[in-house]
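Q: The following block contains the structure, expressed as structure tokens.
The values are calculated or read from the model by the stated rules, or taken from the named source; none is laboratory data. In this text, all values refer to a predicted model and were calculated from it rather than measured experimentally. Cβ sites come from the backbone with ideal geometry, for glycine too, and all protein chains shown count toward neighbours. When the accessible area is computed, the model is the full protein with side chains, heavy atoms only, and any ligands, DNA or RNA have been set aside. Shrake-Rupley method; radii C 1.70, N 1.55, O 1.52, S 1.80 Å.
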Amino acid sequence: MRAELLDRLADDLAGRRPPHPLRVAIDGPDAAGKTRLADDLARVLARRRPVCRVSVDGFHRPAAVRSARGRLSPEGYYLDSFDHETIVARVLRPLGPGGDRRYLPAAYDVRADAPVTAEPVTAPADAVLLVDGVFLLRPELREHWDVTVHLHVAPEETLRRALARDLEVFGSADEVRRRYRARYLPGQELYRARARPAERADVLLDLTEPLAPAVLAWRV
């Protein structure tokens, strides 16, 4: 079922021909499977069109900014985690109408908490840009996407996956639970309340079962 979905998405995107690279958001909560889906889609789509891959994780703000409202602040997670101005100015606008197609693949290394030195890359005129990440349908970014995909995963499933994925990062299961319950899950709830991504996305997928995703809406 996943293979069929990837083929359907790839066919849909490959058939779209705006006068600039097609800018696609793969949005969803933490541990929803955004990166895996975007990578798998890129491999399938690359047989039809050139593909550029970017992750919002390469556009974090410095740790001091991300934690300015408190290390466990949901508002800090939603409002302060990512440098949306740079994403728009150095990725989405250059690949949009009238842009020069020279985009920045990353700007910040969150693990090192330091900027990265990355040279701009020139996208082919018929490329498809696939960007994965959280909060991609927020107002600052929404108008710059040509197609948006939102992945639904329930909060309890997010936490279950995080206990496996983030254990090494946070050091213990108790710390994973503490951070997710205090910061990440409420931050995602704040995003859903303010941006309503499930209502606004062109494609809405339930990824509770990653190998058998369910199409909840296909508005494109």
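Q: Go through (1) open to solvent by 60 Å² or more (accessible area, probe 1.4 Å); (2) among the charged types (D, E, K, R); (3) under 21 Å from LEU104 (Cα atoms); (4) assigned to a helix (DSSP H, G or I) and name the single condition ASP39 misses.
A: (1)
Q: Let me ask something else about it. Restricting to segment 158-182, and then to whatever is within 18 Å of the chain's Cα centre (by Cα) and charged (D, E, K, R), can you tell me which residue is nearest to ARG71 (Cα to Cα)?
A: Only one residue tops the list, namely ASP166.
Q: Pairs needed: first member in segment 9-37, among the hydroxyl-bearing types (Ser, Thr, Tyr); second member anywhere, open to solvent by less than 10 Å² (accessible area, probe 1.4 Å); C-beta distance under 8 Å; at least 6 residues apart or different chains.
A: THR35/ASP132
Q: In segment 114-140, what count of residues is obtained for those that are among the polar types (S, T, N, Q) and at pLDDT 95 or above?
A: If we filter segment 114-140 for residues that are among the polar types (S, T, N, Q), which is where we start, we get 117, 122.
Imposing the further condition that a residue be at pLDDT 95 or above reduces the set to 122.
Qualifying residue count, segment 114-140: 1.
Q: Still on this structure: For segment 190-197, state whether one or more residues are free of Cβ contacts under 8 Å to residues at least 24 places away in the same chain, in a helix (DSSP H, G or I) and either out of contact with any Pro (no Cβ under 7 Å at 6 or more places or on another chain) or open to solvent by less than 20 Å² (accessible area, probe 1.4 Å) (or both).
A: yes
Q: One residue is enough: does segment 172-180 have a residue meeting the conditions within 17 Å of ASP80 (Cα to Cα), touching a residue at least 60 places away in the same chain (Cβ under 8 Å) and not polar (S, T, N, Q)?
A: Applying the first criterion (within 17 Å of ASP80 (Cα to Cα)) to segment 172-180 yields 179-180.
Checking which are touching a residue at least 60 places away in the same chain (Cβ under 8 Å) leaves us with 179-180.
Still in the running and not polar (S, T, N, Q): 179-180.
Yes; the residues of segment 172-180 include at least one that is within 17 Å of ASP80 (Cα to Cα), touching a residue at least 60 places away in the same chain (Cβ under 8 Å) and not polar (S, T, N, Q).
Q: Separate question: Can ASP30 be described as assigned to a loop (DSSP other than H, G, I, E, B), at pLDDT 95 or above, under 12 Å from the mean Cα position of the chain (by Cα) and not small (Gly, Ala, Ser)? Talk me through it step by step, then tell me what you get.
A: Working: assigned to a loop (DSSP other than H, G, I, E, B): yes; at pLDDT 95 or above: yes; under 12 Å from the mean Cα position of the chain (by Cα): yes; not small (Gly, Ala, Ser): yes.
When the stated conditions are applied, ASP30 passes them.
Q: Exactly one condition in (1) modelled with pLDDT of 95 or more; (2) farther than 16 Å from ASP30 by Cα is false for GLY171; which is it?
A: Single failed check for GLY171: (1).
Q: For segment 144-189, give me each residue that is of a type in the set (Ser, Thr, Tyr) and touching a strand residue (DSSP E or B) at 6+ places or on another chain (Cβ under 6 Å).
A: Keep residues of segment 144-189 that are of a type in the set (Ser, Thr, Tyr), which gives 148, 158, 172, 180, 184.
Within segment 144-189, just THR148 meets the criteria.
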